[in-house]
Structure formats: C-alpha cells, structure tokens
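The values are calculated or read from the model by the stated rules, or taken from the named source; none is laboratory data. In this text, all values refer to a predicted model and were calculated from it rather than measured experimentally. Don't worry about glycine lacking a Cβ; one is built from the backbone with ideal geometry, like all the others, and counts go over all protein chains shown. We work out accessible area using only protein heavy atoms, side chains counted, and drop any ligands, DNA or RNA first. Shrake-Rupley method; radii C 1.70, N 1.55, O 1.52, S 1.80 Å.
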Amino acid sequence: MVSSETTAAASSGSSGSSGSSGSAGSSRVSGPPAVRGNAMLSAIRAEWTKARTLRSTLAVLAATFVVSTGLALISGLSVANALEADNGRVRPDFNPVDSGFNIVWYTQLGLVAFGVLLITGEFGSGMIRVSLAAVPRRSRLFLAKAAVCVAVTLPLAAVTVVLSWLLDQVGLGEYGVSLDEPGVLRGMALGAVYLTLIALLAFGVATAVRSTAFALGAMYVFLFAVSPLSQAVPGLKDAARYLPDKAGIQALKVGADADPSLGPWGGILVVVCWTALALLIGWLTFRRREV
C-alpha cells in the first residue's frame, strides 16, 4: 500500500508539471504492488517436486503397487486351490471379502517406508538446511511435507486397495464375490484412508527420530513383533486391539474376525488419534531441535 506521504508528494508533483508527465508520475507511484504467490502453495509445490523426482521414493511406491497387486492375485489362486482340494488349509469361517483386504497388511509396509523417506532423506544428506533456507518457517515446511504425503499416498492406496481386492476375487474364481457384497465398498474406502494415515504416522515418527534406519526399524518391529506378540499376552490382549495397526485392519473386517465392539469407524478413529499424536510429536521436535 502506498503511504500518505508518498501520495501527497505525487499529487503536488503532478500539479506543478505538465499533464502528461504528471499522469506518468502518478501512474508510477500509485500502480498496484507486485502480486506474491501463496507461500504455503509454493512450499507444497517444492515438496511435490522433490517427491516425484527422487528415485528412492518412486521405487518404493512402484514396488508397493506391483508387489501388493501381484500378491493379491497369488493369494486368491492359492486359497481357491486349497478350497478345491479341501485340504483343511483354509479356515472354516473363511470370508472372501476379508480375503481381498488381507493384502493391506503388506501394502502398509511400502507406504510406511515412503512416509519415512519423505523426511529422513533430507536429514541424512543435509538438504534439510537448504529446505529451511527456502522455507524458514518450520511449521510451514512440516505441513507442506505432510500434505505431499497425503497427496501421494491417498490415490495410490485407493487404486492399490481396489485393484488388489478385485484381483484376489479373480484368483478365488467361483469362491469369490462381487462388489455389491456388504462391506466391500466401505472396506475399500477405509482401506485407502487407513494406509494414508499409517504413512502419515510413519512420517511423524521419522521426523522425531531423524534417522531412516531407526524409524523404519521402529515401525517394522512394532508391526511385525510388538503388535502381534501383544495379543498373545493375556493381560495385553484387550488393550492390543487399540494399537493403530490392529484397529486399522478391523476397519476392513466383515467376517468372524470383525470386532463388533470397536466397529469399522471406531477402528479408523483410533488410527486417527495415533496419527495425530505422532504428527504432534514430530512437529514439536522439528520446531525445537537444531538441524
């Protein structure tokens, strides 16, 4: 905005000069200021460019999609063969809807790796200093990275969940079900949401610990060891259902494994709370710790 003193000077200058020069002078002074781009959008665009040009993240995302869909088809074929042979390898309460969503357990491993690499790669290389020089406000940089994490994982998770479920049903053949089966569309939607949340949770953890190896190790040990073993301990079994992975998977269940007391929406709410906690810890650590 032009100050009152500048406007007054411009007015007095224009009255003492020729009309054409006065008009030019007035135009130069009172012209509109240069329009600046939105700082948040600029930060998001920069982080988007990083995410889509880094080979490591692209490789992780591509492998996640290919492995998940491939395993889904193989799983369906394997279960169909077992049912055909009636060899007892398939549980009596087998539900084809749940079978199609089992692959989410493996899909989350790749998206956890993406959420970790999105931030720890810059800490390891020292590029985080360059990012902070370009975006000095740490909260803005943190939010931009989190937004890119959602923008990448949500569509990829949606496509992977839908295609994996369909391929599993193709593999099951006559034992499969169609999309109009109760719980299928809801499971697809909540599966995509769950995978996005678990990637954000990993991003928050990785921001706090600042180490690729430590963050991946902590997340994978939790998913493969701590969470499964907690269900085997009598005193922890009831509490284990509120762990993020257990609650998230419950959001997809419709068969005998479904937890009626928690429910699908309750399961997703539990994951939202865990993710919010991880992001809060990551944000506070990022703001206060030197890089």
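When the residues of region 251-273 are filtered to those that are open to solvent by 40 Å² or more (accessible area, probe 1.4 Å) and not in a helix (DSSP H, G or I), the one that is nearest to V150 (Cα to Cα) is V254. Screening region 1-83 for helices (runs of 4 or more DSSP H) wholly inside it with 3 or more residues that are modelled with pLDDT of 85 or more and of a type in the set (D, E, K, R) returns the ranges 39-53.
When you go through A213, A276 one by one, which is the residue that is exposed (fewer than 14 other Cβ atoms within 10 Å of the Cβ), without any contact (Cβ under 8 Å) to a residue 60 or more places away in the chain and in a helix (DSSP H, G or I)?
Of A213, A276, the one residue that is exposed (fewer than 14 other Cβ atoms within 10 Å of the Cβ), without any contact (Cβ under 8 Å) to a residue 60 or more places away in the chain and in a helix (DSSP H, G or I) is A213.
Of all the listed residues (F224, F203), the sole one being surrounded by 22 or more Cβ atoms within 10 Å (Cβ to Cβ) and either among the aromatic types (F, W, Y) or on the phi > 0 side of the Ramachandran plot (or both) is F203. For region 115-150, the candidate set comprises residues that are among the charged types (D, E, K, R) and under 16 Å from V209 (Cβ atoms); within that set, the residue that is surrounded by the most Cβ atoms within 10 Å (Cβ to Cβ) is K145.
Could you list, in sequence order, the residues of region 216-250 that are under 26 Å from V184 (Cβ atoms) and part of a helix (DSSP H, G or I)? Result: L223, S227, P244, D245, K246, A247, G248, I249, Q250.
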